[in-house]
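Since the structure comes first, as structure tokens, the remarks are kept for the end.
Bear in mind these aren't lab numbers, they're just calculated from the coordinates by the rules spelled out. Note that the structure is a prediction, hence the values are computed from the model and not measured. Quick reminder, even Gly has a Cβ in these numbers, built from the backbone with ideal geometry, and neighbours come from all protein chains shown.
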Amino acid sequence: MSPLLIRAAVPADLPELLTWNAAMAWETESKRLDPARLERGIAGVFAQPQRGFYLIAERDAVAVGSLLVTYEWSDWRCGDFWWIQSVYVTPAARRGGVFRALYAEVAQRARAAAAVGLRLYVETENQRAQATYAELGMQRCHYWMYESGLDQAGPLAGRPGAG
């Protein structure tokens, strides 16, 4: 098997990132994403690098996977956590070390940037991904995650104080 090359994504990678993010949402959560909104979201990372960055994994000059890193400031630790998001590996490349290589690159960059830690979230039923993350030394946190959408059609729409 040829070695993997990990590189920073560029705007020309947007079509693949769009396809992969949509595929990941469907595979992991059975969610169909709005392609126009998703495209704007991906482009927003390239337009404002303070939001984060994408990495692309290539084998034999063919892109086989990607992930997004975003930042969360921790006042308790006086530094940024780097969040790994939108992980996707093409089906033919799975179990071939693609995520492991992407993760190693993120960890190296995070250390160089003095980040305080790496975080990600995973679907509760995705046992394969959880096992992979554990194999890399990641540990399940004791935090629960909550969210509330703020779109016009979100759960707060029409409630007092939600406007």
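Across region 85-99, computed HN-Hα scalar couplings (Karplus, 6.51 cos²θ - 1.76 cosθ + 1.60, θ = phi - 60°) run 9, 6, 6, 8, 10, 4, x, 5, 9, 5, 6, x, x, 5, 4 Hz from first to last residue, x flagging Gly and Pro.
Only four residue types carry charge here, +1 at the Cβ of Lys and Arg and -1 at the Cβ of Asp and Glu. Report the dipole size of the chain about the Cα centre in Debye, rounded to the nearest 20.
The dipole of the chain has a size of about 220 debye.
Of the residues GLU29, GLU135, the one with the fewest other Cβ atoms within 10 Å heads the list, and the complete ranking is GLU135, GLU29. Altogether, the Stokes-Einstein calculation at 20 °C and 1.002 mPa s, with the Kirkwood radius of region 1-128 over Cα pairs as Rh, returns a diffusion coefficient of 140 µm²/s. With K and R counted +1 and D and E -1, the other residues having a Cβ less than 14 Å from that of TYR71 yield a net charge of +1. Would you work out the relative contact order for region 1-158, in percent, from Cα pairs under 8 angstrom that are 6 or more residues apart? It comes to 19 percent, rounded to a whole number.
Once fully extended, how much extra length lies between GLU135 and VAL116, figured as 0.36 nm per residue of separation less the alpha-carbon to alpha-carbon distance?
Answer, rounded to one decimal: 4.8 nm.
Across region 124-140, computed HN-Hα scalar couplings (Karplus, 6.51 cos²θ - 1.76 cosθ + 1.60, θ = phi - 60°) run 4, 8, 7, 5, 4, 5, 4, 5, 4, 5, 5, 4, 7, x, 6, 10, 5 Hz from first to last residue, x flagging Gly and Pro.
Taking 0.36 nm per residue of sequence separation and subtracting the Cα-Cα distance, how much length would be gained by fully extending the chain between ARG94 and GLN50, in nm to one decimal?
My answer for the length gained is 12.8 nm.
Distance from the Cα centroid of region 85-135 to that of region 61-81 is 10 Å (rounded to whole angstrom).
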